[in-house]
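Report on one structure; see the data block that follows.
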Amino acid sequence: MSALVCVLRQGNVVFINQAGVRVLGLGSQADAVGMAFVEFVETDYRFLVEAGWELLAEEEFLPLKLMRRDGTLFEAEIRVRLIPGPEESFLVEARDISKFVKSAEALREREERLQGVLASVAEGIITVDERGIIETANPAADRMFGYGKGKLVGQHIGVMMGSELREQHQELFAQYMAGSAKLMGRSVESLGHRADGSHFPMEISVSELRYGKGRLFTGILRDISERKENEERIKRLAHHDTLTGLPNRNLLNDRISHALARVRRHGGRMAVLYVDLDKFKPINDTLGHEAGDAVLREVARRLNNCVRSSDTVSRVGGDEFVVVVEEIGRPGEAAMVARKIIETLGTPIPYEGHDCHVGASIGIAVFPDDGNTMDEVSKAADVAMYRVKHSGRNGYCFYSDSVPVDEIDLAEAPAGG
């Protein structure tokens, strides 16, 4: 028997088993007989024994610290029972539970360390039961979704998603529980729903934990707003001019290709206008490049106001722009846009007390009249623009024209849309 067993009378040991002798580090049973059992109890715990053995007999188990003969302490669990008889005696059983206590302390320390890690990580971590109820949520999850500490626990996971995604999630989750959908082991992107109603892009990865007949699901949630913003910024830099924000040549070529495809499918015409600014170099030379940049930004704004939202304005060089006018019924509609551009650029552009004057030489090519491919139409518009440059500037010319148009009827110019 590994447990200490002894009999006490008036608090003194009248019997102790061999296991008790070993547990207390005694030489023999005689070393304990006649001693008050309280002598084997660590000082801070003696008040429990001194309160009376009859009170201890009412308890099922009681934790104590006992002291061996050499003064070392150990954790013990004792049980006291009254022995019927003419003299009041008590049977005491004591078991050394030091290993269990150390294991429990180690487990508690590990849990505390784990909680510390969970509290410090940037990712939200939640556990969800089979009904979709959140059982645990770390502080990052609370912060990510705008809830107070512990407020996510007990709520359905649907509160973390917008209403448009909630039904989709519930259906997918039901399919998974039925064994007909795969959710585990992969990351998916979705929209998170904060307590204040705002949304943010997030990435979710889910794993499953089985225990007995039940299942728990652990979700790792990442706010990927910054990543999405960076991706959008990189995408924009790849397709837009950094100074004006207009589409660059890459995006322009893509827009023209799609516009040509639409015209081929549905018929009609489209026009490409090459716009080269006149008198721009003197602005750079006299007022500096900052002035030139300010003028280019204002030109870009004014060009956008001259076309419809379905059309495209692009900056393809220092002071060169291209305008793609889609779905025109006749070439004259492209001429109206050119007139509007020349009119709007005729108003001086103010910069730090200076009036900056620019004009525009515009070459126009029409698909399919002036070419069957994007390259042919673009080159035709470029050739037409150079005709204007060499014929007096600040005008427009169709590729099919033999001479540039110098007389501009501004009254016919439509408002930009």
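Structure notes:
- 3J(HN,Hα) from dihedral phi, segment 131-139, Karplus parametrisation 6.51/-1.76/1.60, rounded to Hz, x for glycine, proline: 8, x, 8, 6, 9, 9, 8, 7, x
- Take every DSSP beta bridge whose two residues both sit in the chain; close to 95 percent of them are antiparallel.
- For the chain, the fraction of alpha-carbon pairs lying more than 35 Å apart is 63 percent, rounded to a whole number.
- Sequence of Asp196, Asp241 when ordered by accessible area, the most exposed leading, probe 1.4 angstrom: Asp196, Asp241
- Taking Gly154, Gly219, Gly392 as the candidate residues, the one with maximal mean-square fluctuation in a Gaussian network model of the chain, Cα springs under 10 Å, is Gly392.
- Relative packing of peptides 279-287, 376-384 - highest average C-beta neighbours within 10 Å first: 376-384, 279-287
- Cα point-scatterer Debye curve for segment 16-156, base-10 log of I(q)/I(0) at q = 0.15, 0.19, 0.21 Å⁻¹: -0.79, -1.09, -1.28
- When Tyr45, Tyr351 are compared by accessible area of protein heavy atoms, the largest-first order is Tyr45, Tyr351, using a 1.4 Å probe.
- Per residue, the chain exposes 55 Å² of solvent-accessible protein surface, assessed with a 1.4 angstrom probe and all protein chains in place.
- Derived from the Cα gyration tensor, the three semi-axes of the equivalent ellipsoid of segment 187-270 are 44, 19, 12 Å, largest first.
- In terms of packing, defined here as the mean over residues of other Cβ atoms within 10 angstrom, the peptides 145-151, 91-97, 233-239 line up highest first as 91-97, 145-151, 233-239.
- Over segment 287-406: Kirkwood hydrodynamic radius from C-alpha pairwise inverse distances, Å: 14.9 Å
- Cα-Cα pairs of segment 5-50 separated by more than 16 Å (percent): 34 percent
- Amide proton proximity set for Arg215, modelled H, under 5 Å, gap of 5+: Glu130
- Per atom type, the chain shows carbon and sulfur on 51% of its accessible surface, probed at 1.4 Å.
- Legend: distances between Cα atoms for Lys281/Lys379; Lys228/Lys281; Lys151/Lys228; Lys235/Lys379; Lys151/Lys213; pairs beyond 30 Å are Lys228/Lys281.
- Anchor Lys102: lysines whose Cα lies under 23 Å away (excluding residues fewer than 8 positions away in-chain): Lys65
The values are calculated or read from the model by the stated rules, or taken from the named source; none is laboratory data. In this text, all values refer to a predicted model and were calculated from it rather than measured experimentally. Please note: Cβ atoms are built from the backbone with ideal geometry, for glycine as well, and neighbour counts cover all protein chains shown. Just the protein is used for accessible areas: all its heavy atoms, side chains included, with ligands, DNA and RNA removed. Shrake-Rupley method; radii C 1.70, N 1.55, O 1.52, S 1.80 Å.
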